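Engineer: Provided herewith is a single structure, encoded as structure tokens, for subsequent inquiry.
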Amino acid sequence: MTIEQLRKAYRAEPFKPFTISLTDGRRFYVGHQEYLSIAPQAQRTFVVASEGEEYSVVDLLLVTSLDYKNARPNGRSRRKKS
């Protein structure tokens with residue numbers, strides 16, 4: 001994974017939610033651009049916000065994939081009830 005690939009996902013118009021998967025099994029759902037922060041000069045780290053005031057500073061070398069299908073961390077998608 002490169003910082004350019006992450007920036008491309010972050011800057012996509014229209015934005016498409018995705019999940020960032022790490023080598024240690026953690027997954028971060030990025031439902032909106034406001035949940036991700038990449039410094040302009042950053043080459044290896046970025047910040048992902050979680051619920052409330054929680055956040056994680058992540059080393060890009062730990063990222064294994066950006067997943068767009070079933071982007072929610074638990075694999076469930078939101079569906080309207082009939």
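The values are calculated or read from the model by the stated rules, or taken from the named source; none is laboratory data. Everything numeric here is computed off the predicted structure, so don't read it as measured data. Note: ideal-geometry Cβ built from the backbone for every residue, glycine included; neighbour counts use all protein chains shown.
Engineer: Residues in region 4-19: is at least one out of contact with any strand residue (DSSP E or B) (no Cβ under 9 Å at 6 or more places or on another chain), exposed (fewer than 12 other Cβ atoms within 10 Å of the Cβ), at pLDDT below 90 and on the phi < 0 side of the Ramachandran plot?
Structural biologist: No, region 4-19 has no match at all.
Engineer: Being surrounded by 10 or more Cβ atoms within 10 Å (Cβ to Cβ), in contact with a strand residue (DSSP E or B) (Cβ under 8 Å, 6 or more places away or on another chain) and over 19 Å from ILE3 (Cβ atoms), is that true of even one residue in region 33-44?
Structural biologist: So far as region 33-44 goes, no, none of its residues is surrounded by 10 or more Cβ atoms within 10 Å (Cβ to Cβ), in contact with a strand residue (DSSP E or B) (Cβ under 8 Å, 6 or more places away or on another chain) and over 19 Å from ILE3 (Cβ atoms).
Engineer: Right, here's the next one. How many residues does region 32-49 hold that are touching a helix residue (DSSP H, G or I) at 6+ places or on another chain (Cβ under 8 Å) and not hydrophobic (A, V, I, L, M, F, W, C)?
Structural biologist: 4
Engineer: Out of the strands (runs of 3 or more DSSP E) lying entirely within region 1-58, which hold 2 or more residues that are β-branched (Val, Ile, Thr) and closer than 17 Å to LYS69 by Cα?
Structural biologist: Once the strands (runs of 3 or more DSSP E) in region 1-58 are filtered for at least 2 residues that are β-branched (Val, Ile, Thr) and closer than 17 Å to LYS69 by Cα, what remains is 18-22.
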